[in-house]
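To start, the structure under review is shown below, and the notes come after it.
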Amino acid sequence: MTGKEKLEMVLNGGVPETPPHWELVFQIEKEMFGVDLEALSEADRQAAQIDVYHRLVDEYDWAAIRGGYGVEEIAGVKKALGHKALIPAYDGGGVFYMPTGGDVMDFVIRLFEQPDELHAEARQKVENAKVYFKQAVDVGADFFVLTYDFGYNDAPFVSPDQYAEFVAPYLTEVVANIHDLGKKAILHSDGCITQILDQIHATGVDGYQSVDPQGHMDIKEVRAQYPDWILMGNVACNMLQDTNQNEIRESVRYCMTHGGVGKPYIFSTSNCIFNGMPPESYKTMWDEYRCIAEAHVA
């Protein structure tokens with residue numbers, strides 16, 4: 001099976017013989033493929049980016065390619081690569097999640113002093129998202145990635161009770177709307193979200209990406225708690241900052257074992273292929289994934 005076919009099976013509730021692989025973001029085009037996107041004009045940059053995406057599918061069997069946050073971008077990527085990879089639309093505005101540093105104090109004050117205004121804003125976020133979801137599906141989005149970071153490294157950005165009031169009902173509605181459009185949704189969240197993971201699962205969201213080791217999230221524990229949930233990630237990004245092959249391969253083996261082979265799992269890092277990651281680290285990670293997959297099939 002191709003990566004695309006494996007991912008389609010996972011999203012449809014099946015389990016392929018070995019997990020598909022892809023990453024939410026890929027930022028080392030220059031180091032991996034010699035493509036300096038920043039040095040190109042806008043038109044040339046777009047063409048070069050598409051060429052990079054083709055190479056990721058052809059050489060690393062990526063199952064999906066980032067469609068992006070805009071309808072025009074989604075349509076362009078779908079036209080160029082939809083025949084050999086799934087194209088997810090990304091959303092970063094449907095619900096409240098961790099505010100930026102300069103906005104934290106204002107958000108905390110509003111939690112306690114202006115709850116009605118926060119609910120009104122949350123309602124508007126959902127309504128805006130619904131419009132975007134329909135537009136994204138109309139131009140060919142195959143599924144959705146909800147990039148809502150809910151956790152710091154040691155705790156959620158709000159208490160479980162506050163999450164239950166200001167986030168969970170609206171996230172449930174977001175997910176339900178995506179399902180009404182005939183699509184699936186994978187939540188991306190970094191950080192430690194153990195205290196709210198049951199609420200997130202209860203929204204009906206189809207999968208959870210990151211399972212962040214730096215946020216004390218252990219894919220073995222999450223898998224035991226939710227055996228049928230689509231999980232994606234958990235290869236520790238902090239290890240990929242370095243080039244210790246043994247540690248990287250050990251992290252891959254842990255994820256493939258517990259994530260993993262024979263389970264509804266999508267193999268990836270705990271975040272993305274970030275700018276500054278040594279190419280050797282990604283290649284080592286992918287090689288161990290490939291070796292495990294080939295040994296399992298054999």
Filter result for the condition that a residue is under 18 Å from the mean Cα position of the chain (by Cα) and of a type outside the set (S, T, N, Q), over 264, 278: 264
Pick from 171, 146: which is of a type in the set (A, V, I, L, M), within 23 Å of residue 100 (Cβ to Cβ) and touching a strand residue (DSSP E or B) at 6+ places or on another chain (Cβ under 7 Å)? 146
Among the candidates 155, 120, residue that is modelled with pLDDT of 95 or more, closer than 24 Å to residue 210 by Cα and not polar (S, T, N, Q): 155
Is it the case, given these coordinates, that residue 28 is without any contact (Cβ under 8 Å) to a residue 60 or more places away in the chain, touching a helix residue (DSSP H, G or I) at 6+ places or on another chain (Cβ under 8 Å) and among the aliphatic types (A, V, I, L, M)? no
Do the conditions hold for residue 136, that is, is it within 27 Å of residue 119 (Cβ to Cβ), in contact (Cβ under 8 Å) with a residue 60 or more places away in the chain, of a type in the set (Gly, Ala, Ser) and touching a strand residue (DSSP E or B) at 6+ places or on another chain (Cβ under 9 Å)? yes
Criterion (touching a Leu at 6+ places or on another chain (Cβ under 6 Å) and modelled with pLDDT of 95 or more) met by exactly one of 254, 265, 282: 265
Need the failing condition index for residue 100 against (1) crowded, with 18+ Cβ neighbours inside 10 Å; (2) at pLDDT below 95, just the number. (1)
Sort through 245, 214, 209, 195 and tell me the only one that's within 23 Å of residue 119 (Cα to Cα) and touching a residue at least 12 places away in the same chain (Cβ under 8 Å). 195
Select from region 27-52 the residues that are closer than 30 Å to residue 260 by Cβ and either touching a Phe, Trp or Tyr at 6+ places or on another chain (Cβ under 8 Å) or of a type in the set (Asp, Glu) (or both) and list them in ascending order. 27, 28, 29, 31, 32, 52
Can you go through 198, 218, 242 and tell me which one is more than 19 Å from residue 91 (Cβ to Cβ) and at pLDDT below 95? 242
Of all residues in region 169-186, how many are small (Gly, Ala, Ser) and surrounded by fewer than 19 Cβ atoms within 10 Å (Cβ to Cβ)? 2
Taking region 198-249 as the search range and keeping residues that are in a helix (DSSP H, G or I) and in contact with a Leu (Cβ under 9 Å, 6 or more places away or on another chain), which one is surrounded by the fewest Cβ atoms within 10 Å (Cβ to Cβ)? 225
Selected residue (criterion: surrounded by the fewest Cβ atoms within 10 Å (Cβ to Cβ)) from residues of region 256-298 that are assigned to a loop (DSSP other than H, G, I, E, B) and among the polar types (S, T, N, Q): 275
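Kindly provide the set of residues from region 55-85 that are among the acidic types (Asp, Glu) and either under 27 Å from residue 128 (Cβ atoms) or buried (at least 17 other Cβ atoms within 10 Å of the Cβ) (or both), ordered by number.
61, 72, 73
Does any residue of region 89-107 turn out to be under 25 Å from residue 184 (Cβ atoms), of a type outside the set (Asp, Glu), within 22 Å of the chain's Cα centre (by Cα) and assigned to a helix (DSSP H, G or I)?
no
The values are calculated or read from the model by the stated rules, or taken from the named source; none is laboratory data. The structure presented is a predicted model; accordingly, all values stated were derived computationally and were not measured. Ideal geometry is used to build each Cβ from the backbone, glycine not excepted, and the neighbour counts take in all protein chains shown.
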